[in-house]
Amino acid sequence: MSILVTGGAGYIGSHAAIELLKTGYDIVIVDNLSNSNLESLNRVKELTGKNFIFYKCDLLERDELNTIFENHSFEAVMHFAGLKAVGESVEVPLMYYHNNIAGTINLCELMAKHDVKKLVFSSSATVYGHPDSVPIDESFPLSATNPYGRTKLMIEEILRDLHISDSTWRIALLRYFNPIGAHESGSIGENPNGIPNNLMPYVTQVAIGKREKLSIFGNDYNTHDGTGVRDFIHVTDLVKGHLKALEYLEKNNGIEAFNLGTGRGYSVMDLINTFSSINKKEIPFQFVDRRPGDIGSCYANPTKAEKVLSWRAEKDLKDMCTDSWKWQTQNPNGYN
Ligand code: NAD
Ligand code: UDP
């Protein structure tokens with residue numbers, strides 16, 4: 001019995017692979033390497049001293065995926081595979097709908113065919129759209145503001161319908177807040193292609209001199225210093241939440257959504273100041289206009305995950321800044 005990890009070569013999937021292997025699970029990874037590099041998996045093997053099977057396979061390649069299901073006996077699936085760049089999703093929405101939604105439907109059809117009905121799905125806090133207030137709990141209304149977010153929302157709905165049709169499915173919808181940081185060794189981390197869209201990889205690339213300065217998108221939000229507030233969560237804490245969700249699905253039927261966040265909001269300026277003081281690196285920045293579609297403040301109420309999954313984030317913003325910087329300095333060009 002093993003766990004199928006889709007998208008396991010990516011940022012979060014590779015950290016999850018480490019945690020699963022460390023805990024004693026057998027894993028099989030499927031990834032089309034569209035946004036990742038095989039080197040991440042070599043490092044997972046080095047760090048854990050454990051081996052696993054990897055298939056370079058696209059979830060859209062149904063026959064290939066079916067053969068993988070035929071060759072293994074999976075206990076559950078952790079489904080990380082998906083495209084995730086908000087801006088790109090606005091430019092090429094059909095690619096996002098096709099990849100994320102059709103890929104998930106293929107996966108679920110094959111899971112049903114092979115009687116594998118435990119699924120941990122990577123959802124996102126983006127499904128809360130523009131929330132009326134913070135902190136956000138799982139009962140807040142759901143909406144989407146861009147095609148990427150809509151794929152997450154649609155997949156959540158598809159999975160709910162699937163569970164209504166067959167209540168033997170066990171599904172955890174994990175709504176991530178803002179994952180940052182890297183494995184404490186510094187040997188795996190986030191490896192963005194081209195200009196980073198997200199804050200932390202941009203900050204580390206400024207710190208190492210690859211980019212001149214950070215543009216801060218807006219300093220007129222209704223927050224303590226005017227810059228956007230987010231619930232940054234260390235990727236290692238985040239993936240631990242996945243193992244707790246897996247344990248939960250072993251004992252419980254149903255479909256449940258869980259926020260994976262720390263419950264604390266930090267502003268863009270808080271992050272920069274913490275990064276600068278802990279790593280002794282100045283981060284040149286300029287204030288520019290708000291980024292269209294951004295919200296001022298977004299942080300989780302993580303009580304449900306604490307109560308139901310017995311999970312809580314342990315690492316703080318300093319750990320996140322230390323580990324992101326360690327990854328960046330040890331790998332100035334990522335895995336390339
Ligand atoms: P990532 O791009 O590093 O990893 C995703 C992996 O999926 C990549 O290795 C990519 O090659 C693979 N992939 C994409 N489409 C595929 C397909 N059709 N078939 C096979 N493999 C495919 O992204 P990540 O940051 O590790 O995110 C993992 C998941 O978590 C994604 O579903 C993402 O939407 C979700 N998520 C991420 C964040 C974040 O800030 N990183 C926040 C919320 C949700
Ligand atoms: N941000 C910024 N400059 C950047 C990237 C991000 O000021 O180059 C801000 C962004 O406006 C938001 C916060 O940092 O307030 C987190 O943005 P990110 O893209 O990392 O995550 P998300 O928007 O998904 O919460």
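If you take every DSSP beta bridge fully contained in the chain, what fraction is antiparallel? Give it as a percent rounded to 5. Antiparallel: roughly 5 percent of the beta bridges in the chain. When only Cα pairs below 8 angstrom with a gap of at least 6 residues are kept, region 149-262 shows a relative contact order of 43 percent.
Rounded to the nearest 20, the size of the Cβ-charge dipole of the chain about its Cα centre is 560 debye, with Lys and Arg at +1 and Asp and Glu at -1. For residue 188, the residues whose modelled amide H falls within less than 5 Å of its own, excluding neighbours fewer than 5 places apart on the same chain, are 183. For residue 30, nonlocal amide neighbours, meaning residues 5 or more places apart or on other chains whose placed amide H falls under 5 Å from its own, are 5, 6, 7, 8, 55. For region 115-221, taking the reciprocal of the average inverse distance between every pair of different Cα atoms yields a Kirkwood hydrodynamic radius of 16.8 Å.
Between residue 91 and residue 276, the modelled label-to-label distance comes to 3.2 nm, taking each label 7 Å out from Cα in the direction of the beta carbon. Calculated translational diffusion coefficient of the chain (25 °C, 0.890 mPa s; Stokes-Einstein with Kirkwood radius over alpha-carbon pairs) equals 122 µm²/s. When both region 165-216 and region 103-123 are represented by their alpha-carbon centers, they are found 25 Å apart.
Each Cα pair under 8 Å and six or more residues apart adds its sequence gap; the mean of these over the residue count of the chain is a relative contact order of 19 percent. Charged side chains reduced to their Cβ positions (Lys and Arg at +1, Asp and Glu at -1) give region 102-190 a dipole of some 180 debye around its Cα centre. All other residues whose Cβ lies under 12 angstrom from that of residue 312 are scored, Lys and Arg at +1 and Asp and Glu at -1, for a net of +3. Think of the chain as having a plus end and a minus end, set by charges on the Cβ of Lys, Arg, Asp and Glu; of 158, 262, 77, 262 sits farthest toward the positive end of this dipole. A simple rule links phi to the HN-Hα coupling: the Karplus curve 6.51 cos²θ - 1.76 cosθ + 1.60 with θ = phi - 60°, which for region 60-77 gives 7, 8, 4, 5, 4, 5, 4, 4, 5, 5, 5, 7, 9, 10, 8, 8, 6, 10 Hz, with x for Gly and Pro. All alpha carbon pair distances within region 248-336 were sorted into 10 Å bins beginning at 0; the resulting P(r) in whole percents reads 13, 30, 32, 20, 5, 0. Near the amide H of residue 285, within less than 5 Å, lie the amide hydrogens of 214, all on another chain or at least 5 residues away, with H placed in the peptide plane. For region 201-208, putting each phi into the Karplus relation 6.51 cos²θ - 1.76 cosθ + 1.60 with θ = phi - 60° gives couplings of x, 5, 4, 5, 6, 5, 4, 8 Hz, in residue order, rounded to whole numbers and with x for Gly and Pro. Rounded to the nearest whole Hz, the Karplus-based 3J(HN,Hα) values (6.51 cos²θ - 1.76 cosθ + 1.60, θ = phi - 60°) of region 321-331 follow the sequence 5, 4, 6, 4, 6, 4, 4, 5, 6, 6, 9, with x at glycine and proline. Taking the Cα centre of region 267-336 as origin and assigning +1 to Lys and Arg Cβ atoms and -1 to Asp and Glu Cβ atoms, the resulting dipole is close to 120 debye.
Taking the C-alpha atoms only, the angle from helix 268-279 to the longest principal axis of the chain is near 80 degrees. One equal scatterer on each Cα of region 1-144, no solvent, Debye formula: the resulting log10 I(q)/I(0) at q = 0.13, 0.17, 0.19 Å⁻¹ is -0.62, -0.99, -1.15. Excluding residue 182 itself, what net charge comes from residues whose Cβ is under 12 Å from its Cβ, given Lys and Arg +1 and Asp and Glu -1? With Lys, Arg at +1 and Asp, Glu at -1, the neighbours total -1.
A short reminder: the numbers here are calculations on the coordinates, not readings from a lab. From a predicted model like this one, the values you see are computed outputs, not experimental measurements. Cβ: placed from backbone, ideal geometry, glycine included. Neighbour counts: every protein chain shown.
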